[in-house]
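Reading through the structure tokens given below for one structure.
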Amino acid sequence: MCPGRIAGEAAQLAGTAFSELIPPEAQVHLVNAQRELFLALKVTIEHHARHAQTEERRTRREARRPVKIELE
């Protein structure tokens with residue numbers, strides 16, 4: 001089972017109950033809040049991905065540097 005599919009099905013089931021129980025004005029407010037939450041999650045993931053790429057580049061750059069060997 002795909003987690004995305006499960007989340008989609010859960011959202012669909014919640015959506016039908018949502019429209020029956022929540023007034024339209026509140027629905028608009030909650031949908032906007034959900035959009036902001038997903039945007040924050042997206043930005044957080046992008047930030048961590050960018051940070052991981054920077055660390056990987058730095059590690060590769062350091063690995064290419066010659067090592068100083070002391071002679072007796």
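The values are calculated or read from the model by the stated rules, or taken from the named source; none is laboratory data. Predicted model, so just to flag it, every value in this text is computed and none were measured. With ideal geometry, Cβ positions are generated from the backbone for all residues, glycine too; neighbour counts draw on all protein chains shown. Each accessible area value is taken on the protein alone, full model and side chains, heavy atoms only, with ligands, DNA and RNA left out. Shrake-Rupley method; radii C 1.70, N 1.55, O 1.52, S 1.80 Å.
For the chain, what % of the accessible area comes from carbon and sulfur atoms, probe 1.4 Å? Reported share for carbon and sulfur atoms: 62 percent. Ordering P24, V43, A10 by Cα displacement along the dipole of the chain toward the positive end leaves V43 in first place; charges were set at the Cβ atoms of Lys, Arg (+1) and Asp, Glu (-1). Between the entries (i) 19, 12, 11; (ii) 17, 13, 12; (iii) 51, 15, 6, the label attached to semi-axes √(5λ) of the Cα gyration tensor in Å calculated for this structure is (iii).
Each residue, R60 and F18, gets one label point 7 Å from its Cα in the Cβ direction; the gap between the two is 4.1 nm. A Förster distance of 25 Å, applied to the separation of the beta-carbon atoms of H29 and R5, puts the FRET efficiency at 0.35.
Computed from Cα positions, the angle between helix 3-21 and the longest principal axis of the chain comes to roughly 30 degrees. Axis of helix 24-64 versus longest Cα principal axis of the chain: the two differ by about 10°, to the nearest ten degrees. Ligands, DNA and RNA are left out, and with a 1.4 angstrom probe the accessible area of the range 10-72 is 99 Å² per residue. Inter-label distance, V67 to Q53: 3.1 nm, where each label sits 7 Å from its Cα along the C-beta direction.
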